[in-house]
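Take a look at the structure set out below.
The values are calculated or read from the model by the stated rules, or taken from the named source; none is laboratory data. Please read these numbers as outputs of a predicted model, since none were measured by experiment. Every residue, glycine as well, gets a Cβ built from its backbone with ideal geometry; the counts of neighbours run over all protein chains shown. Accessible surface is based on the protein model in full, side chains and every heavy atom, while ligands, DNA and RNA are left aside. Shrake-Rupley method; radii C 1.70, N 1.55, O 1.52, S 1.80 Å.
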Amino acid sequence: MASTLRDLLIQRAARLQDRPALTAPDWGTLSYARLRNRAEGVAFGLLAEPHPTAGWFSSTGTPWDWMAELAVAASGLAWDPAGMPVPPEILGGSRFNLDAGRGLYHAREQTVAEDTPFAAGLAHGEFMTRLRRLNRILEWDHESAVELPLARLGEPPLRAALWSLLYAGGHAILQSLPVWNPTPFEELWLPER
């Protein structure tokens, strides 16, 4: 069982290779294998950059924001809304899939652990525990296909839904939606009471 967000991405891609992971405008449908490749391409670009002390963030309003968040987590870096914006060249541009970051990414396999900080004061292990709890409630699995509003991509509840679908091995469908209920996901990022 995956104990870190990095392991989660790698395991889902290995087990669910050709199953749909993400559908988004202008991208079509990415399989789990292609989702991992795209996230790791962003990670290679990020790791070739100097690391900001406040962490990374992406708010383009496109699916690249989700790839950036996956890449940051898989790299063992910090995700922070007050952090450094991921350069557009890394998000599918000239610094995407940069060989200079490839070895650095693979070297992190031994250093990304349950106690590695990720976001909102949460380490990988604690975030995985919360995803496990949430998915027991949601009952999502690899057959789940959930439509999510692309326009709300930067909001914590929607990001929590994306993480929950990754955890479950489900299919996230980003599109224009007039109505979405974020209630089940609102507490994922909050401190424990």
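Only one residue in G45, G41, G55, G61 is open to solvent by less than 30 Å² (accessible area, probe 1.4 Å) and on the phi > 0 side of the Ramachandran plot, so which one is that? Steps first, answer last, please.
On the way: G45 fails: on the phi > 0 side of the Ramachandran plot; G41 fails: on the phi > 0 side of the Ramachandran plot; G61 fails: open to solvent by less than 30 Å² (accessible area, probe 1.4 Å).
Sole residue among the options that is open to solvent by less than 30 Å² (accessible area, probe 1.4 Å) and on the phi > 0 side of the Ramachandran plot: G55.
Of all residues in the range 1-30, how many are assigned to a strand (DSSP E or B) and surrounded by fewer than 17 Cβ atoms within 10 Å (Cβ to Cβ)?
2
Are any residues in the range 133-158 in a helix (DSSP H, G or I), out of contact with any helix residue (DSSP H, G or I) (no Cβ under 7 Å at 6 or more places or on another chain) and surrounded by 14 or more Cβ atoms within 10 Å (Cβ to Cβ), and if so, which ones?
L150, A151, P156 - these are the residues of the range 133-158 that are in a helix (DSSP H, G or I), out of contact with any helix residue (DSSP H, G or I) (no Cβ under 7 Å at 6 or more places or on another chain) and surrounded by 14 or more Cβ atoms within 10 Å (Cβ to Cβ).
From the list P63, P85, P52, P81, which residue is of a type outside the set (S, T, N, Q), modelled with pLDDT of 95 or more and over 13 Å from the mean Cα position of the chain (by Cα)? Talk me through it step by step, then tell me what you get.
Values: P63 fails: over 13 Å from the mean Cα position of the chain (by Cα); P52 fails: modelled with pLDDT of 95 or more; P81 fails: modelled with pLDDT of 95 or more.
From the options P63, P85, P52, P81, the qualifying one is P85.
Condition check: buried (at least 19 other Cβ atoms within 10 Å of the Cβ), closer than 27 Å to F44 by Cβ and not charged (D, E, K, R). Does F185 satisfy that?
Details: buried (at least 19 other Cβ atoms within 10 Å of the Cβ): yes; closer than 27 Å to F44 by Cβ: no; not charged (D, E, K, R): yes.
Here the answer is no, as F185 does not meet what is asked.
Counting just the residues of the range 159-182 that are part of a loop (DSSP other than H, G, I, E, B) and not small (G, A, S), which one comes out surrounded by the most Cβ atoms within 10 Å (Cβ to Cβ)?
W180
Could you list, in sequence order, the residues of the range 91-122 that are in a helix (DSSP H, G or I) and among the acidic types (D, E)?
Scanning the range 91-122 gives D99, E109.
Six or more apart or on different chains, Cβ atoms under 9 Å: show the pairs whose first residue is in the range 156-177 and at positive phi and whose second is of a type in the set (G, A, S).
Close Cβ pairs satisfying both conditions: G169/A21; G169/S144.
Go through the range 72-90 and give me each residue that's of a type in the set (A, V, I, L, M), surrounded by 15 or more Cβ atoms within 10 Å (Cβ to Cβ) and part of a loop (DSSP other than H, G, I, E, B).
Within the range 72-90, L77, A78, V86, I90 meet the criteria.
Just to verify a result, which residue in the range 91-132, among those that are more than 16 Å from W79 (Cα to Cα), small (G, A, S) and without any contact (Cβ under 8 Å) to a residue 24 or more places away in the chain, is most open to solvent (accessible area, probe 1.4 Å)?
S94
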